[in-house]
Amino acid sequence: MAIEVRVPTILRSYTGGAKIVEGAGETLSALIDDLDAKHNGFKGRLITPEGGLHKFVNIYVNDEDVRFLGALEAKLSDGDSVTILPAVAGGALGFAAAAAILGR
Amino acid sequence: MARYESLLDACGGTPLVGLPRLSPTVPEGAPAVRLWAKLEDRNPTGSIKDRPALFMVREAEESGHLHPGDTILEPTSGNTGIALAMVAKLRGYRIVCVMPENVSAERVQLLRMYGAEIIFSPAAGGSNQAVATAKQIAAEHPDWKMLFQYGNPANARAHYETTGPELLHDLPTITHFVAGLGTTGTLMGTGRFLKEKVDGIQIIAAEPRYGELVYGLRNIDEGYVPELYDATVLDRRFSVGTRDAVLRTRQLVEVEGIFAGFSSGAILHAALAVAHEAVKAGRRADVAFVIADGGWKYLSTGAYGGTLNDAEEALEGQLWA
């Protein structure tokens with residue numbers, strides 16, 4: 001069972017620079033464990049110490065946000081495509097500047 | 001109604017048009033699955049942002065945050081800046097927009113035309129420099145007022161009180177509402193209203209997935225989720241890449257004659273996904289989605305012509321929604 005995982009630039013230090021890696025697992029949780037076994041430390045960047053998905057990480061299965069598909073328990077099938085992205089607001093530059101002014 | 005006392009009164013009340021050619025074909029005898037586009041480019045400055053701009057200014061006036069002659073500070077080169085500049089002009093405020101100097105010439109011209117003053121941050125410094133410039137400006141002018149659309153409840157309220165009721169009035173049989181996810185104001189406000197009124201309605205977000213260059217600069221620990229965002233309002237959330245957004249934007253104009261910006265293409269992509277699922281399941285569906293703005297401001301990207309590969313390349317590194 002092969003699942004293609006797209007890795008954001010910021011996490012490629014764990015994958016030896018690879019943009020796309022392969023993993024296996026019947027759920028997202030199992031997939032992340034599998035990836036962590038192959039790329040040590042990967043899991044710690046995605047999952048909080050409490051075991052939930054990191055607030056500023058978005059993971060998509062076939063372009064759909066896993067938080068609406070059961071989060072870490074989301075079911076995966078052979079051939080699925082998983083994309084990991086940092087959370088970025090639309091017009092992110094405007095937000096960053098606005099937040100800076102407001103001191104947030 | 002087609003007569004208004006002023007341009008501000010003409011905000012909203014946009015047409016909802018059917019898309020008979022882009023709606024999926026259903027087998028004979030199966031329930032209809034229809035797509036409907038809400039043409040938000042028909043607002044006074046040509047985007048959906050006129051609604052929140054007007055509501056945020058009014059709310060700030062009523063709460064005593066804004067006084068006649070005040071200066072509004074808005075760090076954006078986007079539709080919100082343009083909408084706020086128009087509202088500021090008509091309500092008697094000065095507006096200053098902060099933006100990196102590498103934004104497109106048409107953005108700068110549009111903002112100046114509406115009366116905005118522009119302070120540029122050096123392009124070379126990227127977003128860090130823009131943030132530093134904005135901070136410096138705020139420190140020098142503590143009396144300037146910012147409306148902060150990402151956390152301002154009047155942003156979502158604009159859609160709760162206008163976009164939502166308009167949709168329900170024009171399409172009482174609505175089953176799905178699809179819009180873009182930026183500040184999250186459109187989805188939160190419209191979504192909350194429709195969930196209160198329509199049993200079983202699905203609220204669906206289409207989120208732009210930019211080219212790698214955009215995320216390359218992002219650190220996960222410095223991520224951001226707008227204060228307005230409440231995940232319980234949404235039923236599903238799609239991530240739409242540049243290529244799919246461009247493809248759908250082109251289909252909108254080629255097939256239905258609607259000339260829209262790329263964020264609307266991304267929204268259509270998600271709307272088509274749920275429409276096709278309804279066909280497969282043999283369920284009736286009236287899918288309403290948002291055309292956030294027209295394509296005019298994006299012509300200089302060159303992404304409306306040439307191959308999809310060319311377009312993808314042209315938009316690499318750009319925040320196209």
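Bear in mind that the values in this text are calculations on the coordinates, not laboratory data. None of these values were measured; they are calculated from a predicted model. All Cβ positions, glycine included, derive from the backbone under ideal geometry; neighbour counts span all protein chains shown.
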Charge tally in the Cβ shell below 15 Å around B:V17, where Lys, Arg are +1 and Asp, Glu are -1, B:V17 excluded: -2
Phi to ³J(HN,Hα) by Karplus 6.51 cos²θ - 1.76 cosθ + 1.60 over region B:299-311, Hz, x for Gly, Pro: 4, 5, 6, x, 7, 7, x, x, 7, 5, 4, 4, 5
Largest-first principal axis extents of the Cα set of the protein assembly as shown (Å): 64, 56, 44
Relative intensity, log₁₀ I(q)/I(0), of chain B from a Debye sum that treats every alpha carbon as a point, q = 0.15 Å⁻¹: -1.31
Diffusion constant of region B:1-136 at 4 °C, which comes from Stokes-Einstein with the Kirkwood Cα-pair radius and 1.567 mPa s, µm²/s: 75 µm²/s
Sorted by Cβ neighbour density within 10 Å, fewest at the top, the residues A:D65, B:D199, A:D33: B:D199, A:D33, A:D65
A:T15, B:T183, B:T162 arranged by Cβ crowding within 10 Å, fewest neighbours leading: A:T15, B:T162, B:T183
Estimated inter-spin distance, B:R283 and B:N102, nm [label 7 Å along Cα→Cβ]: 4.4 nm
Relative compactness, region B:67-140, computed as alpha-carbon Rg over 2.2 N^0.38 Å: 1.06
Loop-located GluC sites (Glu not before Pro) in region B:1-43, at most 13 other Cβ atoms within 10 Å (DSSP): B:E5, B:E28
Per-residue mean of C-beta atoms belonging to partner chains within 10 Å, peptide B:225-232: 2
Potential extension, A:N62-A:D78 segment - 0.36 nm per residue separation minus Cα distance: 4.6 nm
Shape call, region A:1-64: gyration tensor on alpha carbons, a/c limit 1.5: rounded
